[in-house]
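The values are calculated or read from the model by the stated rules, or taken from the named source; none is laboratory data. Predicted model, so just to flag it, every value in this text is computed and none were measured. So basically every Cβ, Gly included, is an ideal-geometry build from the backbone, and we count neighbours across all protein chains shown. To get the accessible areas, we keep the full protein, side chains included, count just its heavy atoms, and leave off ligands, DNA and RNA. Shrake-Rupley method; radii C 1.70, N 1.55, O 1.52, S 1.80 Å.
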Amino acid sequence: MKRRLSIIVSVCLLCGVFSLYAQDVPNAVKFLPAPPKQGSSVQYINDYLQYAWGKLQRSTEAAEQASADTPLKATTYADAFSGIIGLEITEKTTPKLYTLFDYALRMSEIAAETPQSYYNTERPYVSFSEHTLVPTLENTYRNVGSYPCVQAMAGWLSGLIMVEVVPALQDELLARGHAFGVSTLISGYNWYTDVTAGRHIGSALLAYFHSQGSFTAMVAEAKKEYAAKGGPYATTRALTRAEEDSTETDSTDVDQVIPYLSVAELPDGYKYLPGPPEEASSVFGYDISQHMNGKATRPYSEGKQAVEDVNNGGPEGWCKIYSDAFGKTLSESATPQLFELLKRTDPSANAATQTAKSGYLRKRPYVFLNESTAYPADEDHLRDTGSYPSGHSSGGWLAAMVLAEINPAAQDALYARAYQFGQGRVITGYHWQSDVDDGRLVASAVFARLHVDEEFLAQMDRAKAEFSGGSTRINAVETATEANAPVYNLQGIRVEGQPTQRGIYIQGNKKVVK
């Protein structure tokens, strides 16, 4: 406890005023489903079979990485990502980078405390009176709730944060962040359900971080340190002309909607996601079970909401879906800056799923089972398209993350609605549960990458100013020289070129008089 407080104090001193209270972080009890009780449910059986699978991996090469990934220490995560970014990360030599890992871990532990104590799920090795891959930590966690998995949460969150620091390596960083969840299955400290929840909470934490003004400065300082220390991937790879010409948008009106990120700039889900489960696996058995459960709910309110949500994508749809949770009517006329933000982020959510969709070309549930959906109108044009991962779920989760950054007080309600929206794809029969779960991860990867884009950051500031009634912060930007940094007026609106009127502006990290 003393160490946690000292870390939080040091971060506050380093980064300025920070609202770091446990009640402020996302509360998973309010937006994620409860873990399964031990017994005969299909979800629990899947958890058990994944635990058994993990034990079998302890005799393979994967055991070495799993063992190294198990300790909940900042050095665990710093060491894991050092080899990827080509620079050793230590508390002494790279304090700015190291602080990000320390912060991600400590806040993950805080975010896990409420659901861990609320559900108090028994850990696998305790349930079966067996040993883990790393026995020295067994007594430490014996009486600590298993749900959610902190290792998976901090690992995925660290990968997302590092995408902002070294975007040129985004796919490799995300793959490594995802691997922490696999490692804890192998070590025997958590169930599969714990891991899935941990990654989703980690994505929610990233939006929470960005709602706190000082986090952007932390990332900016880490980027500077990485470049100053000779990090070999300090700049994002420039697109070739062929790549720029080949990029497309999934928007229905490409002339008006220009996404902040081109397709070539998006994280590639085919490279960092594990892919859909094999049909003989326990995870696919759980997919089948969730599909059957979803069909059973179709006559009820949850099923009717799922059908209504089918046509509620895009910025207009997100405004309709999230206004109640946000606590304010959202629309193009009522909140034009926020609407513009949603309009230009939305195409990337689905676009970022396309490489994995086409690479795996997984059959959708209604195609695989040769049955009808709850919304037949979409069946023909989606019949030959890939199911994994879910683009709708990605879009819904990304919109919730964007809105949660603007209004963190509403984050739990927003994620609860986003979770419901994603489950609607299971209920209607258009996606498997694993499609939806990983669609949410795609959204968080896109969210992280968006925070490298200056146009997105500028528009986010405008949306925040609109929401707060005019006050805003100006994001720090990483540029070759201050003289070349974009210029913003005090309302957070970017000035094209140099200002033509005298006044005070923000350029880079400084106020300047023009």
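Converting phi to 3J(HN,Hα) with the Karplus coefficients 6.51, -1.76 and 1.60 and the offset θ = phi - 60°, region 180-189 yields 4, x, 5, 4, 6, 5, 5, 6, x, 8 Hz in sequence order, with x at every glycine or proline. Taking K and R as +1 and D and E as -1, what net charge do the other residues with C-beta under 13 Å from the C-beta of Ser187 add up to? Computed value for this residue: -2.
Checking every one of the trypsin sites (Lys or Arg not before Pro) in region 117-218 against DSSP loop status and a limit of 16 other Cβ atoms within 10 Å picks out Arg142. Taking label points 7 Å from Cα along the Cα-to-Cβ direction, Ser82 and Ile258 give a separation of 4.3 nm. On the principal axes of its alpha carbon atoms, region 39-150 extends 50, 35, 25 Å, with the longest extent given first. Once backbone amide H atoms are built at 1.01 Å from N, Arg362 has Ser387, Tyr388 as its partners under 5 Å, excluding neighbours fewer than 5 places away on the same chain.
What does the net charge come to around Ala197 if you take all other residues with beta carbon closer than 12 Å to its beta carbon, with K and R at +1 and D and E at -1?
Net of charged neighbours comes to -1.
With each label modelled as a point 7 angstrom along the Cα→C-beta vector, the Leu382-Glu109 pair spans 4.3 nm.
A Förster distance of 56 Å, applied to the separation of the beta-carbon atoms of Leu369 and Ser468, puts the FRET efficiency at 0.70.
Counted over region 99-190 with a bin width of 10 Å, the fraction of Cα pairs per bin, in whole percents, is 17, 42, 30, 10, 1.
With every protein chain in place and a 1.4 angstrom probe, the accessible-area ranking of Arg440, Arg462, largest first, reads Arg462, Arg440. In sequence order, region 442-457 has phi-based couplings of 4, 4, 5, 5, 5, 4, 4, 5, 4, 6, 9, 8, 5, 5, 4, 4 Hz under the Karplus curve 6.51 cos²θ - 1.76 cosθ + 1.60, θ = phi - 60°, and Gly or Pro positions carry x. Note on Ser281 and Thr90: the extension gain reaches 64.8 nm, defined as 0.36 nm multiplied by sequence separation minus the Cα-Cα distance.
Evaluate E = 1/(1 + (r/R0)^6) for Glu61 and Ser331, where r is the Cβ-Cβ distance and R0 equals 45 Å; express this FRET efficiency to the nearest 0.05. Step by step, r from the Cβ atoms, then E = 0.25.
Measuring max minus min along each principal axis, the C-alpha atoms of region 302-393 give extents of 44, 30, 19 Å (largest first). Applying 0.36 nm per residue to the separation of Ala409 and Glu454 and subtracting their alpha-carbon distance, the gain on full extension is 13.7 nm.
Using a Förster radius of 30 Å, what is the FRET efficiency between Val29 and Glu130 based on their Cβ-Cβ separation? Nearest 0.05, please.
0.55
Which of the residue pairs Lys320/Lys464; Lys271/Lys295; Lys37/Lys73 have a Cα-Cα distance greater than 21 Å in the structure shown? Those over the limit are Lys271/Lys295; Lys37/Lys73.
Electrostatic tally near Ser146: other residues with Cβ closer than 12 Å to its Cβ, Lys and Arg +1, Asp and Glu -1, net -1. Using 11 Å as the cut-off for backbone N distance, which residues of region 141-185 belong to the label zone defined by a point 7 Å from the Cα of Asn120 along Cα→Cβ? Hits in region 141-185 for Asn120 at 11 Å: 144-145.
Relative contact order for region 331-397: 42 percent, from Cα pairs under 8 Å spaced at least 6 residues apart, divided by residue count.
Measuring between their Cα centroids, region 136-177 and region 371-386 lie 36 Å from each other. Does region 352-425 come out rounded, prolate or oblate, given a ≥ b ≥ c as the square roots of the eigenvalues of its C-alpha gyration tensor, rounded meaning a/c under 1.5 and, failing that, prolate meaning a/b above b/c? The shape class here is prolate.
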